[in-house]
Structure formats: structure tokens, C-alpha cells
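As C-alpha cells, the structure follows; a few thoughts come after it.
The values are calculated or read from the model by the stated rules, or taken from the named source; none is laboratory data. Remember, predicted model here, so these are calculated numbers, not experimental data. Positions of Cβ are backbone-derived with ideal geometry, glycine not excepted, and every protein chain shown enters the neighbour counts.
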Amino acid sequence: MSRDSFYITTAISYPNGKPHIGHAYELIATDALARFQRCDGKDVFFLTGTDEHGIKMLQTAKKEGISPRELADRNAAAFQRMAVALNASNDDFIRTTEERHYKASQAIWKAMADRGDIYKGGYAGWYSVRDEAYYGEEETEVREDGVRYGPQGTPVEWVEEESYFFRLSAYQDKLLELYESRPDFIGPAERRNEVASFVRSGLKDLSISRTTFDWGVPVPGDEKHVMYVWVDALTNYITSLGYPDENEAKWKFWPADAHIIGKDIVRFHAIYWPAFLISAGIELPKRVFGHGFLFNRGEKMSKSLGNVIDPFTMVEHYGLDQVRYFFLREVPFGQDGSYSHDAIVNRTNADLANDLGNLAQRSLSMIAKNCGGVVPARGELAEADKAILAQAVDALATARRTMAEQAIHQALAAIFGVVAEANRYFAGQEPWALKKTDPARMETVLWTTAEIIRRVGILCQPFIPGSAAKLLDLLAVGEDQRGFGHVDTLDALVPGTPLPAPQPVFPRYVEQEPAA
Ligand code: ME8
């Protein structure tokens with residue numbers, strides 16, 4: 001039987017600058033969602049990449065005195081390095097300047113044109129280069145500084161030129177029907193309400209080509225025009241699966257299970273993208289999820305504002321799994337979040353170093369010292385042992401339910417709830433006292449604790465993959481015994497199996513003394 005497939009994507013980032021924490025956050029979260037389904041036995045395809053066309057790229061390149069391609073090459077390499085530094089498990093990294101992507105973008109254009117949804121006209125209206133978005137006049141306002149701004153607070157400029165249009169207005173009712181009949185299409189719910197009310201207020205046809213520059217995918221049959229960057233950008237999600245060659249093996253992953261994107265670009269994914277796909281006769285993705293924005297102690301970060309924290313530096317400073325854990329646990333996925341040095345240190349020291357790290361270190365050291373370095377003997381399990389082991393099984397059920405709706409923080413809360421309870425269990429059972437009074441019971445308690453660590457280690461893999469692997473290594477759990485199917489068994493840790501010498505897995509963050 002073939003395994004169920006699961007396709008998940010991040011947005012593709014503009015490589016007009018280096019990656020920032022917002023990009024890292026989206027990649028880490030999507031990676032956790034992808035790894036979760038892999039651990040649960042699905043055949044997963046996970047895509048990320050860079051969105052290299054558009055006026056923003058062109059203008060930045062001009063400012064730096066290089067070509068847009070040089071700019072794209074330089075920064076796309078940094079985004080690729082970031083994916084490696086974050087231990088992202090993406091199966092492909094797409095760059096929209098690749099040949100395969102030109103092919104896919106021109107094919108979807110032709111499919112929409114064949115459907116009669118593309119016509120030539122003239123555009124006159126407002127455009128935000130920062131958002132690469134067209135806005136209706138009623139969405140803009142002139143502020144005190146005399147500059148006109150769009151709804152995301154970025155300046156807009158007047159554009160007037162020959163342009164192809166997509167008949168978006170013809171899709172208004174179909175889109176409303178879609179949001180109605182598939183309430184899970186857009187998440188979280190507040191994003192769905194925003195999108196639906198925007199669509200209800202009326203959709204105008206969309207300008208989908210430009211003639212005043214040539215940095216983009218040429219319009220098939222009229223090479224004076226290049227495609228509007230969002231037409232080609234959105235197409236990346238099917239380029240990677242081999243579109244338009246639907247015989248290509250990877251096409252089985254379509255439709256996508258989830259597009260994970262930031263809340264600022266939900267409009268493109270929940271309005272334009274389904275309209276393009278319906279027009280081109282392609283199935284719709286199952287879900288578009290708009291996560292929140294990260295703020296540095298409450299301040300919005302952006303390349304243009306220049307208050308960007310480098311994800312590489314952050315990982316080097318706090319440790320990769322510490323950064324991954326902090327963002328996934330601390331910020332309810334879907335809401336905005338803030339980070340600060342103190343919040344990262346407090347959260348990771350409390351949950352990783354103290355709760356999980358100490359529990360593992362204390363129990364495994366006791367096993368090394370008192371049980372001859374092998375998996376302890378398991379006597380009959382007491383109610384307390386069974387209760388804590390059952391809690392890990394419940395946490396898996398909770399994690400499955402919450403991860404299916406991208407509530408990553410809730411999945412982690414359930415898993416670390418087990419860790420907190422396991423600490424109470426360990427303290428309450430006092431295996432160090434049992435050593436003298438009831439050594440057989442001590443072994444059972446240590447076995448149960450090791451078994452809890454095995455279960456938690458398996459459950460933690462999607463979120464903190466490197467550290468979870470170390471924990472499972474310390475328990476000599478085989479590589480093929482680490483899927484979620486192996487959580488609910490009492491037969492995995494076989495008494496008498498030799499264990500490696502215990503090693504601390506989660507170092508405590510210690511504040512450095514300021515230099516004298
Ligand atoms: O929007 N916090 O690219 P991009 C959290 N190329 N997420 C953030 C963030 C922050 N401070 N800043 C940005 C684009 N993001 C387009 C996407 S998809 C076909 C094309 C998120 O480099 C943002 O919401 O501006 C988006 O999902 C992703 O990072 C890339 O942003």
C-alpha cells in the first residue's frame with residue numbers, strides 16, 4: 001500500500017536582502033509541521049525557496065550597482081545556508097529564476113488565457129513596490145508627510161501602462177463559495193473573515209503584466225511584457241512538482257496540504273492563487289495558513305527598517321534547538337510574537353535544561369551507576385508508572401489533533417506537560433531512596449523514567465530534531481524505531497540492553513560576565 005502523501009510549503013522569500021528572523025521563524029515552523037507528518041508515516045514533500053523577480057529586486061540591485069541576477073545569486077545562497085543552519089528538512093529549494101519555473105509560469109499563463117480569463121488593456125492605479133501589490137485608491141491614504149501609503153503602511157506609486165489583466169472579478173462568487181464550503185481553507189479563522197469580507201466588497205480585474213522593465217518571466221506570445229511577480233511567484237508551488245508535466249512522479253503531491261505564509265500575504269494566497277488555479281483547471285490547495293509576525297521586543301523588524309536580527313548569530317549564540325524550541329513554544333502559531341534575550345533564556349533554561357535535560361541526565365546517570373549501564377529490569381508496573389506512560393500516549397493524540405490545525409505551540413505544551421509530570425513522578429518515587437529499601441522497585445522506576453524519555457524523545461523530533469536524536473541515541477533506540485507508531489509500546493526498551501554513557505543534551509545558558 002502506498003503511504004499517504006503530504007505536501008507543505010513556506011512562502012518563497014525575496015532575496016533582496018539577507019534572511020531575517022521572520023524568515024527563519026516561518027521555515028522552522030513549517031519544518032516542524034513537515035517532520036511531524038514524516039514521523040507519523042506520511043510520504044512528505046516540503047518546499048521552500050526564493051522569489052527572485054519583481055521591482056523590489058530590480059531597485060535594490062540598482063542601488064547596489066549590481067545586476068538583479070547577481071543580487072539574487074548572492075542572497076539566495078544565504079537563504080540556502082540558513083535552511084542548512086536551521087536543520088530544515090526541505091526536499092527542494094526553488095529559485096524562481098530557474099528554467100523549470102519559466103516553463104511552469106508560462107504554462108499556467110497559457111492555461112488561464114485558453115480559458116478566456118486574460119485580456120489586454122491599460123492599467124492606471126497605485127502600486128507598492130515593498131509589497132509588490134496593486135491597491136485600490138480607497139485602500140490608500142495620504143499621511144501628514146504628504147506621502148500616499150497602502151494598507152500595510154508601505155508607500156505606493158502611480159503606475160500607468162499597457163498591461164494584461166486577469167478576470168479576477170469573474171471569480172468573486174466562486175471564491176466566496178469556496179470559503180463557505182471549505183471553512184478550513186484559510187486559517188486562522190480571523191484571517192478567513194478578513195479575506196471573505198475583502199472579497200465581498202468587490203473584486204476588480206488584476207493587472208498581471210508590466211512593460212517598463214524586463215526582469216521577470218516573459219509573457220508567452222508577447223515578450224514586450226513580463227509577468228507581474230506574484231503570478232510567477234505563486235506558481236512556484238507547482239513548478240517544484242513538475243507542472244505542467246502531470247506525469248511527473250512528484251505531481252502526486254498536489255494538491256498541497258498546507259501553504260504556510262505570513263499574515264501580510266494571505267490575500268495573494270487565498271484570493272489570487274485559488275482564482276488562478278480554478279482558471280487553469282488545477283485542483284486547489286487544502287489550506288492556507290497565515291502565521292503572525294515576530295517583533296523584537298515589540299518592534300516590527302524589516303529589511304527596509306534596518307532592525308534585523310541575523311538568524312545565524314542567534315543560532316550560534318543560543319543553540320539551534322533552543323531557538324527552534326523558543327519560537328515554536330513561546331509564540332502561539334497564528335498570532336504575533338515578541339522575542340527578547342530574557343524570554344529566550346528563561347524559556348529554554350526552564351523547559352529544556354531544567355525539565356527535560358535534568359530528568360534525562362539524573363535518571364540515565366542513576367542507571368549507569370546503579371544498573372550496570374544497561375536498561376533496568378522492569379518489574380510489575382504500578383498505577384503511577386502506568387499513568388505517566390499513558391500521558392505520553394495522550395500527548396501524541398493531542399499533538400496529532402493540534403498539528404493538523406497548525407497549533408504547534410499546543411502540541412509542544414502537551415508534550416512538555418508530560419515532561420513536567422515525569423519530573424513530579426521521579427521526585428515522588430525517590431529512586432535514590434529505593435536503592436536501599438527496594439532495589440527491584442528502583443529498577444522499575446528507572447525503567448519507567450527511561451521509557452518516558454524515549455516516548456518524549458520520539459515526540460520531540462519534529463521540533464528539536466538534533467537534541468531528540470541525541471536523547472534517543474542515549475537510549476539505544478534504533479533509527480527505524482523512532483516513528484510515532486513506536487510511542488505506545490512497552491517492548492521498546494529491553495531490560496539488559498547496554499546503553500551508551502550518559503551525556504548532557506541541553507546545556508544551560510549562563511549569562512556571560514561583561515568584560516572588565
Ligand atoms: O512576501 N515575522 O517575501 P518576503 C514573521 N516573496 N514572518 C515574517 C516577517 C516577520 N517579521 N517578515 C516576513 C514575500 N515574514 C513573497 C512571498 S510566496 C509565493 C511569495 C514572512 O521575503 C512573510 O510573511 O517579504 C512571508 O511569509 C515570508 O516571511 C517571506 O517574506
TODO: Starting from the range 484-505, keep only residues that are within 19 Å of Gln361 (Cβ to Cβ), then list their pairs with residues that are in a loop (DSSP other than H, G, I, E, B) whose Cβ atoms are within a distance under 6 Å, requiring at least 6 positions of separation or different chains.
DONE: Leu493/Val375; Leu499/Gly373; Leu499/Ala476
Task: Residues of the range 286-297 that turn out to be more than 9 Å from the ligand (Cβ to nearest atom) and either of a type in the set (Lys, Arg) or surrounded by fewer than 22 Cβ atoms within 10 Å (Cβ to Cβ) (or both), as a count - done: 3
TODO: Take Pro220 and decide whether it is of a type outside the set (A, V, I, L, M, F, W, C), exposed (fewer than 14 other Cβ atoms within 10 Å of the Cβ), more than 16 Å from the ligand (Cβ to nearest atom) and assigned to a loop (DSSP other than H, G, I, E, B).
DONE: no
TODO: Please tell me if His259 is away from the ligand (no atom under 13 Å from the Cβ) and either over 21 Å from the mean Cα position of the chain (by Cα) or at pLDDT 95 or above (or both).
DONE: no
- [ ] May I ask you to say which residue of Glu26, Glu52 is within 13 Å of the ligand (Cβ to nearest atom), within 30 Å of Tyr134 (Cα to Cα), acidic (Asp, Glu) and assigned to a loop (DSSP other than H, G, I, E, B)?
- [x] Glu52
TODO: Kindly indicate whether Arg3 is more than 9 Å from the ligand (Cβ to nearest atom) and touching a Ser or Thr at 6+ places or on another chain (Cβ under 8 Å).
DONE: no
Task: Residue among Ala233, Ala196, Ala249, Ala270 that is in contact with a Gly (Cβ under 9 Å, 6 or more places away or on another chain), without any contact (Cβ under 8 Å) to a residue 24 or more places away in the chain and in the same structural domain as Lys110 (by the TED database) - done: Ala249
Task: Neighbours by Cβ (under 8 Å, 6+ apart or cross-chain): first from the range 318-330, at negative phi; second among the charged types (D, E, K, R) - done: Tyr325/Arg347; Tyr325/Asp351; Phe326/Arg347; Arg329/Arg347; Arg329/Asp351; Glu330/Arg347
TODO: Determine whether the range 273-285 contains at least one residue that is over 22 Å from Ile94 (Cα atoms), crowded, with 20+ Cβ neighbours inside 10 Å and small (Gly, Ala, Ser).
DONE: yes
Open item on the list: Restricting to the range 401-419, count the residues that are surrounded by fewer than 18 Cβ atoms within 10 Å (Cβ to Cβ) and farther than 23 Å from Arg191 by Cβ.
Closed with: 1
